[in-house]
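See structure below.
FYI, it's all coordinate maths here, none of it is from the lab. Computed from a prediction, not measured in an experiment: that's the story for all the values here. Every residue, glycine among them, receives a Cβ derived from its backbone with ideal geometry; neighbour counts consider all protein chains shown.
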């Protein structure tokens, strides 16, 4: 692996020929800390008291989302010239961690939105950026990502959704699955096959269960990750203009390359939300361990519990550092497939371990709905699967490392 001259830190990767990601200016650390702290206070004041009730009811948090819009969280990574806050990915990761520490589903509401926005920023035409980014920055227009299909999840090259050219329009036919925010979104970053190959279309639609030739055919029930919709969407003769091709004519056949690069942002989000859930579980466990007494003393004084807490705290800190490293690589305009994959893999596995140990430390009360531990326990498996399973992450990491170490 290449290393910086005179140092020991590994460099990040590079994108394939023809794919570039502009560097994101680093946010002033003081500004970053102020924003993240502001979100933390809001989460403690507004989210924590209602999260479990909303989650158990599987109810969309309209009032919380209105607050998130007011705080500018839908535009946090969108450049200022397009109406956003123009903040860096380290700030974004910090915000996602805070949201997830309160209720992980809130971070999902903005994740695919920011992936769609990052696609426009990196590869959109000037007209496409002008048309959509300003409304996305305010949350007036919400974005989502539509890549997976019933028979094409991790195997993205097996996509069957097609877009047929018909004069100045494309006619889209096919079914897409696992579309988070698909019903409420007004802009869908959609992968479909054209004669040139897999192309990314920015499909604008009216929010709701039906728009033109688009129908939400079912809501997918989930173990956790409740309060926001995950849907299957069917396209039957849905027409979009040729100007919906991301990047214009030059973007034809390059959609998969664009979207896989954008998924690095999604994997940083998954890593950050795993850190947030793990942190919430760890803080609950270490507080409870000092309050709960057995055999005449707090269980925090028992060596077995101390060893659990030590492992939990160490892994949590390492997961956050990996996430921050991936964010730095990506915002520097460098490829972060390995770094984002490592962060997502390690942070999600850490979250599973920490939440499980937190439940054990709590004992029977941790298994009840009286405390949020059971919610963390149901939310964590999503991070093992979302934005590419951890088995896929290991393949991505290994291939990337081999490529970086390849000589000649």
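General remarks:
- Between residue 317 and residue 28, the distance separating the two model label sites (each 7 Å from Cα on the Cα→Cβ line) works out to 3.0 nm.
- Euclidean distance of C-alpha centroids, the stretch 127-206 and the stretch 73-91, integer Å: 22 Å
- Packing, taken as the mean count of other beta carbons within 10 Å per residue, orders the peptides 293-300, 94-101 from highest to lowest as 94-101, 293-300.
- Residue with peak Gaussian network fluctuation, the chain [Cα springs, cutoff 10 Å], from 37, 196, 339: 196
- In plain terms, if you count all Cα to Cα distances in the stretch 266-408 and split them into 10 Å steps from zero, the share in each step is 13, 37, 28, 15, 6, 1, 0 percent.
- Helix 126-138 and the longest principal axis of the Cα set of the chain meet at an angle near 30°.
- Mean Cβ count within 10 Å, highest first, over the residues of peptides 306-319, 323-336, 270-283, 208-221: 270-283, 323-336, 306-319, 208-221
- Gyration tensor verdict on the stretch 134-188 (Cα atoms; rounded if a/c is under 1.5, prolate if a/b is larger than b/c, oblate otherwise): oblate
- Here each label is just a point 7 Å from Cα along the line to Cβ, and for residue 57 and residue 290 those points are 3.4 nm apart.
- Model label zone, residue 369; criterion: amide N under 13 Å from point 7 Å along Cα-to-beta-carbon; scope the stretch 34-54: 52-54
- Set against the labelled values (1) 22.6, 78; (2) 26.8, 94; (3) 21.4, 80, Rg and Dmax of the Cα atoms in Å computed from this structure falls on (3).
- Chain lengthening between residue 166 and residue 50 when straightened (0.36 nm per residue, less Cα-Cα): 36.8 nm
- On the beta carbon distance between residue 222 and residue 157, with R0 = 30 Å, the FRET formula returns roughly 0.70.
- Seen against the Cα atoms of the chain and their longest principal axis, helix 89-102 is set at about 50 degrees.
- Overall form of the stretch 145-255 per C-alpha gyration tensor (a/c, 1.5; a/b vs b/c): prolate
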